[in-house]
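S.K.: Following this message is one structure expressed as structure tokens.
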Amino acid sequence: MADTGVGDGDAIRTFPFPAGLSVGGVGMQVGPMGAGRAWHADAPLERVHRIDFHTVLLFTGGPVRHMVDFAEYEATAGDVLWIRPGQVHRFSKTSGYRGTVLTMQPGFLPRATVEATGLYRYDLPPLLHPDEAGSAGLRAALAHLQREYEDTETLPPACTPRCCGTA
């Protein structure tokens, strides 16, 4: 029998977007994947859980096994795993997750973008295999987004961590 990470009597917990860890209180986070990185201290990543936000993983290594809605997926370098709000998922204990992770609250992106891209199309598979040009574009876009996210010096005064009470 496969280990689902849920024991008898255990409920699948839903974790909210950790806004307190965001720079300047924005509804997204971007950064490197890595050992010990956790969005919630009380959420063991290898346990089945649910999130109420988008998580996009762009892999630079692999293979990595990840469960989404009780189906196992194997990702390799260049692959993208998109976990949508409400989906059940679990990180693998034995996989070395390498790459970039982007998390966003629902509503972070404009409605027109959401509708045009099908971000809430739960019938679409979570694992994407972009071609080399698509993968290079995603890496560049995420690197740019990460630089902007980490650049708190150019935020307007009303949005700095000190002014927003997140410092």
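S.K.: What pairs come up if the first residue lies in region 105-134 and is touching a residue at least 12 places away in the same chain (Cβ under 8 Å) and within 27 Å of Glu72 (Cβ to Cβ), the second is among the acidic types (Asp, Glu) and surrounded by 10 or more Cβ atoms within 10 Å (Cβ to Cβ), and their beta carbons are under 6 Å apart, counting only those six or more places apart or on different chains?
M.R.: His129/Asp79
S.K.: Here is a follow-up. I'd like the full set of residues that are more than 12 Å from the chain's Cα centre (by Cα), outside any strand (DSSP E or B) and of a type in the set (A, V, I, L, M, F, W, C), limited to region 53-99.
M.R.: Selection gives Phe70, Ala77.
S.K.: Collect the residues in region 100-149 that are touching an Asp or Glu at 6+ places or on another chain (Cβ under 9 Å) and outside any loop (DSSP other than H, G, I, E, B), keeping them in residue-number order.
M.R.: Quick first cut of region 100-149, residues touching an Asp or Glu at 6+ places or on another chain (Cβ under 9 Å) only: 105-106, 122, 126-130, 135.
Of everything in region 100-149, those that are touching an Asp or Glu at 6+ places or on another chain (Cβ under 9 Å) and outside any loop (DSSP other than H, G, I, E, B) turn out to be Leu127, Leu128, Ser135.
S.K.: A follow-up question, please. Among the numbered conditions (1) modelled with pLDDT of 80 or more; (2) in contact with a helix residue (DSSP H, G or I) (Cβ under 8 Å, 6 or more places away or on another chain), tell me where Thr166 comes up short.
M.R.: For Thr166, the failing item is (1).
S.K.: Among the residues of region 16-43, write down those that are at pLDDT 70 or above, of a type in the set (A, V, I, L, M) and in a loop (DSSP other than H, G, I, E, B).
M.R.: Correct list: Val26, Met33.
The values are calculated or read from the model by the stated rules, or taken from the named source; none is laboratory data. Values in this document were obtained by computation on a predicted structure and should not be read as measured data. Please note: Cβ atoms are built from the backbone with ideal geometry, for glycine as well, and neighbour counts cover all protein chains shown.
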